[in-house]
Amino acid sequence: MEIYLNGQFQKLETACISVTDRGFIFGDGIYEVIRVVKGSLFRELDHLKRLKEGLEGIGIHPGKAQFEQLPEICRDLLKRNELMNGEAVIYIQITRGASWPRTHTHPEPPVSPTVYINTSTFNPYKELHSKGAKAITESDVRWTRCNLKTTQLLPNTLSRERAKNAGADNVILVRDGMITESPNANIFAVKNDILYTYPASNYILSGITRKVVLEIAVRLQIPVKDTPISEFDLCNLDELFLTGTTTDIMPITMANGKEISNGKPGPIVSKIQQAYNEMMYAGRNP
Ligand code: PDD
């Protein structure tokens with residue numbers, strides 16, 4: 001397995017970063033995850049745009065030329081790892097770089113950002129897509145800049161681990177009584193044929209898959225309200241589902257041990273799944 005690190009393709013096993021890297025010390029970095037089908041990066045431009053905005057959001061400035069090389073490096077890496085035919089996933093992480101001594105303030109003068117990219121094969125969660133997932137609710141204890149896709153994922157990983165230990169597949173995060181998202185996906189609800197999702201704001205990551213679902217909803221003439229759903233209303237919903245790059249469109253059929261509606265994926269999520277799969281697999285990939 002080859003990875004890309006700071007200008008060089010290297011073996012995963014021997015690639016190294018400095019122990020002074022601010023990504024390692026402070027979680028001072030931004031990442032992206034991109035799905036690949038037969039060598040084609042799904043929603044490539046949306047992911048690159050969000051990566052750029054995230055880096056600008058925390059003041060990390062890779063050179064323009066360096067940033068513009070990223071798509072070519074991703075394709076090169078897919079070829080080197082023989083991942084041009086099936087399904088794959090690309091992970092890009094850019095940190096503020098290595099600097100010593102440790103200071104909370106940013107290095108002055110700025111250091112070169114660390115750029116790390118890996119690729120791997122990907123197997124979609126087909127069983128959960130067709131049967132539905134179990135979720136638990138948890139308080140959303142993350143910071144208030146969730147719109148930035150930073151590498152600081154401790155609250156996210158801890159709550160996924162708690163869900164796993166509780167026999168659940170994922171987590172419904174709740175802030176001030178309202179469902180925000182999951183630790184690694186956005187959440188949509190359906191009530192009376194209307195689609196609800198938390199508004200794009202600093203309290204959620206504005207997902208690329210969420211964006212695609214909103215486009216599909218317009219095409220399928222499903223009304224959408226970007227209005228938060230309260231945790232209290234969970235038991236009255238017709239449908240609930242997750243959206244994300246590695247999650248795809250995943251129905252949630254049980255929350256805190258109680259079935260959502262009849263405990264089976266509903267008609268709206270099924271239609272959206274079908275439309276999404278057509279876009280991703282049939283190459284309708286704007
Ligand atoms: N997670 N919300 C959060 C907190 C996420 O981490 C993600 C993605 C999403 C969905 O965004 P998108 O549709 O752009 O993938 C929403 C990635 C896949 C991860 O951390 O692995």
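The values are calculated or read from the model by the stated rules, or taken from the named source; none is laboratory data. Fair warning: this is a prediction, and the values are worked out from it, not measured in the lab. Here the Cβ positions follow ideal geometry from the backbone for every residue, glycine too, while neighbour counts run over all protein chains shown. Just the protein is used for accessible areas: all its heavy atoms, side chains included, with ligands, DNA and RNA removed. Shrake-Rupley method; radii C 1.70, N 1.55, O 1.52, S 1.80 Å.
Just a yes or no: is a residue in the stretch 260-271 away from the ligand (no atom under 15 Å from the Cβ), assigned to a helix (DSSP H, G or I), buried (at least 20 other Cβ atoms within 10 Å of the Cβ) and not assigned by TED's automatic domain parsing to the domain that holds residue 32? Quick ask: steps written out before the conclusion?
In the first step, residues of the stretch 260-271 are kept if they are away from the ligand (no atom under 15 Å from the Cβ); the result is 260-271.
Now restrict to residues that are assigned to a helix (DSSP H, G or I): 267-271.
The next check asks that each one be buried (at least 20 other Cβ atoms within 10 Å of the Cβ); those that pass are 268-269.
Now narrow it down to the ones that are not assigned by TED's automatic domain parsing to the domain that holds residue 32: 268-269.
Checking the stretch 260-271: at least one residue is away from the ligand (no atom under 15 Å from the Cβ), assigned to a helix (DSSP H, G or I), buried (at least 20 other Cβ atoms within 10 Å of the Cβ) and not assigned by TED's automatic domain parsing to the domain that holds residue 32.
Which residues, counting only those in the stretch 138-174, are part of a strand (DSSP E or B) and within 19 Å of the chain's Cα centre (by Cα)? Full working, then the answer.
From the stretch 138-174, those part of a strand (DSSP E or B) are 138-139, 150, 170-174; that's our starting set.
If the condition is that a residue be part of a strand (DSSP E or B) and within 19 Å of the chain's Cα centre (by Cα), then 138, 150, 170, 171, 172, 173, 174 are the ones that fit.
If we keep just the residues of the stretch 213-251 that are part of a strand (DSSP E or B) and within 12 Å of the ligand (Cβ to nearest atom), which is nearest to the chain's Cα centre (by Cα)? Write out each step before concluding.
Filtering the stretch 213-251 down to residues part of a strand (DSSP E or B) leaves 224-225, 230, 239-244, 248-251.
Next cut, within 12 Å of the ligand (Cβ to nearest atom) only: 242-244, 248-250.
Values: 242: 11, 243: 9, 244: 5, 248: 10, 249: 12, 250: 13 Å.
Only one residue tops the list, namely 244.
Quick one: in the stretch 163-186, of everything that is among the hydrophobic types (A, V, I, L, M, F, W, C) and open to solvent by less than 40 Å² (accessible area, probe 1.4 Å), which residue is farthest from the ligand (Cβ to nearest atom)?
The first filter runs over the stretch 163-186 and keeps only residues among the hydrophobic types (A, V, I, L, M, F, W, C), leaving 163, 166, 168, 171-174, 178-179, 185.
Cutting the leftovers down to open to solvent by less than 40 Å² (accessible area, probe 1.4 Å) gives us 163, 168, 171-174, 179, 185.
Details: 163: 14, 168: 17, 171: 10, 172: 12, 173: 8, 174: 14, 179: 12, 185: 5 Å.
Filtering first and then ranking leaves 168.
Here are the criteria: (1) within 15 Å of the ligand (Cβ to nearest atom); (2) buried (at least 20 other Cβ atoms within 10 Å of the Cβ); (3) hydrophobic (A, V, I, L, M, F, W, C). Tell me which single one residue 200 does not satisfy.
Among (1) within 15 Å of the ligand (Cβ to nearest atom); (2) buried (at least 20 other Cβ atoms within 10 Å of the Cβ); (3) hydrophobic (A, V, I, L, M, F, W, C), residue 200 violates only (2).
Mind checking which strands (runs of 3 or more DSSP E) fall wholly inside the stretch 1-109 and carry at least 2 residues that are more than 23 Å from the chain's Cα centre (by Cα) and more than 17 Å from residue 151 (Cβ to Cβ)? Break it down into steps so the answer makes sense when it comes.
Working: elements: 2-5, 8-11, 29-37, 87-95.
In the stretch 1-109, the matching strands (runs of 3 or more DSSP E) lie at 8-11.
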